[in-house]
Amino acid sequence: MRIAIINGPNLNLLGKRETDIYGNMPFETFFETLKQKFPGHELSYYQSNVEGELINEIQRVGFDVDGIVLNPAGYTHTSVAIGDAIAAIKAPVVEVHISNVHAREDFRKLSHVSGKAVGSIFGLGLKGYELAIEFLVGSL
Ligand code: DQA
């Protein structure tokens, strides 16, 4: 199966950014281990800090891949347009957050994505991406 992983703003700083919350590993390093865990599947990775670029990528892959693992980061809580993009495409989207957004500030409890996603995972660290892929490839 073809699975696209899409990360939103500031996730290019994983490994450097608020390591007490987000951990020490850059996503690129983690992505290599993910590919090894799913050798029979084609995984792609895209990250942008720009809302419109994320929407372009969701639209670009959204009619081709079998599933999308999406961490819209800060845009989760603000972007009606990313929610609309998810509703517009064919591929199922699993929303992932590294941290437990419900145990943090109140503004992080609102998601414009959850209602459009097939499901959401939060608070399980980078493991959440792996679980989302397992779900999408049908092994959960
Ligand atoms: C995040 C949670 C968001 O609230 C935050 O803005 C992020 C990362 C997470 O993965 O825990 O940038 O999506």
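The values are calculated or read from the model by the stated rules, or taken from the named source; none is laboratory data. Quantities reported herein were computed from a predicted structural model and do not represent experimental measurements. Cβ: placed from backbone, ideal geometry, glycine included. Neighbour counts: every protein chain shown. Heads up: the accessible areas ignore ligands, DNA and RNA and are worked out on the full protein's heavy atoms, side chains in. Shrake-Rupley method; radii C 1.70, N 1.55, O 1.52, S 1.80 Å.
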Might you check whether a residue that is surrounded by 17 or more Cβ atoms within 10 Å (Cβ to Cβ) and small (G, A, S) occurs anywhere in the stretch 41-48? yes
Among residues belonging to the stretch 89-121 that are of a type in the set (D, E, K, R) and touching a helix residue (DSSP H, G or I) at 6+ places or on another chain (Cβ under 9 Å), point out the one that is farthest from Q59 (Cα to Cα). R104
Please go through the stretch 52-81 and give me each residue that is without any contact (Cβ under 8 Å) to a residue 40 or more places away in the chain and either open to solvent by less than 60 Å² (accessible area, probe 1.4 Å) or β-branched (V, I, T) (or both), ordered by number. G52, I55, G62, H77, T78, S79, V80, A81
Note on I98: of the conditions (1) free of Cβ contacts under 8 Å to residues at least 40 places away in the same chain; (2) aliphatic (A, V, I, L, M); (3) open to solvent by less than 20 Å² (accessible area, probe 1.4 Å); (4) touching a Leu at 6+ places or on another chain (Cβ under 7 Å), unmet is (1)
Is it true that some residue in the stretch 1-15 is away from the ligand (no atom under 12 Å from the Cβ) and in a helix (DSSP H, G or I)? no
